[in-house]
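Heads up, the thing below is written out as structure tokens.
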Amino acid sequence: MKPSFFLEFEFLSLVVVSFVLPMAILIGLSLTRRIARISVLLFGVLLIVLSGIDFVLLQKIAASASHTRELLRDPVLGPALSVAVYILPVVFAGIGTNIVSHVVIEHLTRAEKEFDRKGVDS
């Protein structure tokens, strides 16, 4: 009974970390008209962290369910299913990395313009 509970909890955590939180972040960022750069940066980092948590949960669930892998033993469907499960965290990590990169590039562009405007002597 206990292993089933932990497997269900891990699966529920996986669903929340894989779908609910990243989609809430992306929808929130899409609907917001004005937002501070630091908030955007933190949301990007949060997407990357959630992808890491997602990967760890996937590893734990795969280890727990190793004895019930009839579907994964199929030579055609098994590898495709394994790849499909890991695509979602990679996509959200990529989006998070892109968001962080955008904030850093914007900051550096503004800093360069400020430096050019004020000059070297200031």
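Values quoted throughout were computed directly from the atomic coordinates according to the rules given, and no laboratory measurement underlies them. Remember, it's a predicted structure, so these values are computed and weren't measured experimentally.
In plain terms, the chain from residue 24 to residue 46 could stretch by 6.8 nm, reckoned as 0.36 nm per residue minus the Cα-Cα distance. Working note: Karplus 6.51/-1.76/1.60 with θ = phi - 60° gives region 86-95 the couplings 8, 5, 4, x, 5, 5, 5, 5, x, 5 Hz, where Gly and Pro are set to x.
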